[in-house]
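Novice: This is the structure I have questions about; it appears just below.
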Amino acid sequence: MSVTISRLYDDYSAASQAVRDLEAAGLPPREISIVASNADNWYPGDRGTRTKRVETSTDRAAGAEAGAGIGAVLGGAAGVLAGLGMIAIPGVGPVVAAGWLAAAAAGAVAGGAAGGIIGALTQAGVSKEEAHIYAEGIRRGGTLVTARVPDGERVRYEAILDRSAINISERGEAYRHEGWAGFDERAAPYSAEQARREREIYGAGGMNRPPL
C-alpha cells in the first residue's frame, strides 16, 4: 500500500535536491513528481528537454500532447529531473514540471476539467485544504514535490522531504491573513516581480522550517 506525501519549497534548488535525495534513497522516479513556477522565466525551455504548453483548458490537443510528454519520464532511468517540460496551468501560469502529478494535472486541463492541479492533488490523497495552499504556493513562485511511497517507509521519506520544506500550515495561515480565501484558477498568474517579492518575504524568514 502506498501513501502520497507532498512538500512545498520556496526555491527550485531546494526542491530539486529533495527529488535527487528521494531517488538516492531508492524511491523509483516514476513515483516522484515536481511542479515549479516559471514566473520569472528561469527555465526558458531551450535546454534540450521537451517543451509543451497548455495555454487554456480548451486547447485540448496541445494539452494531451503536453501530458504525454511530461508523463514520458515515468520509469525513466535518468531520473525525474531529466524529464522536465513546460505547461501552463489555469490560475498558476507557466510551470516547469515532470512526473505523474504533472501528467495528471496536464491531462485534467486538456480534458477541460476545472481545477486541474487541485483535482490531481486531491485524487492522489492530499486534503482539499492543503491542495489549495500547495497550488497557491506554486502560483506565488514556489515548487511542489509529491511522492508516492510505501506506507511502511513513510517516515523515512518524509524526513528527506522535510529538510528544506516550508511549514504548510503556517504558510496557509499567512496567506489567509492577507485576505486569501483559496486558490482561484481564474486568478492572474504572478509576475516575475511578484514572485521575487514573495520569496523575499518568506524565503529568508522563519517560515521555512519543516512541518511539525
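Novice: Could you please find all residues in the stretch 140-158 being charged (D, E, K, R) and either within 16 Å of ALA24 (Cα to Cα) or out of contact with any strand residue (DSSP E or B) (no Cβ under 8 Å at 6 or more places or on another chain) (or both)?
Specialist: ARG148, GLU153, ARG154, ARG156, GLU158
Novice: Sort through ALA120, ALA98, ALA102 and tell me the only one that's modelled with pLDDT of 90 or more and not acidic (Asp, Glu).
Specialist: Being modelled with pLDDT of 90 or more and not acidic (Asp, Glu) holds for just one of ALA120, ALA98, ALA102, which is ALA98.
Novice: Then there is this: Check whether at least one residue in the stretch 72-91 is at pLDDT 50 or above and out of contact with any helix residue (DSSP H, G or I) (no Cβ under 9 Å at 6 or more places or on another chain), and report yes or no.
Specialist: No, the stretch 72-91 contains no residue that is at pLDDT 50 or above and out of contact with any helix residue (DSSP H, G or I) (no Cβ under 9 Å at 6 or more places or on another chain).
Novice: Would you confirm whether or not the stretch 38-58 contains a residue that is at pLDDT 95 or above, within 23 Å of PRO90 (Cα to Cα) and of a type in the set (Val, Ile, Thr)?
Specialist: The answer is no, given that none of the residues of the stretch 38-58 is at pLDDT 95 or above, within 23 Å of PRO90 (Cα to Cα) and of a type in the set (Val, Ile, Thr).
The values are calculated or read from the model by the stated rules, or taken from the named source; none is laboratory data. Keep in mind that what you see is a predicted model, and the values were worked out from it rather than measured. No Cβ is skipped: glycine too gets one built from the backbone with ideal geometry, and neighbour counts run over all protein chains shown.
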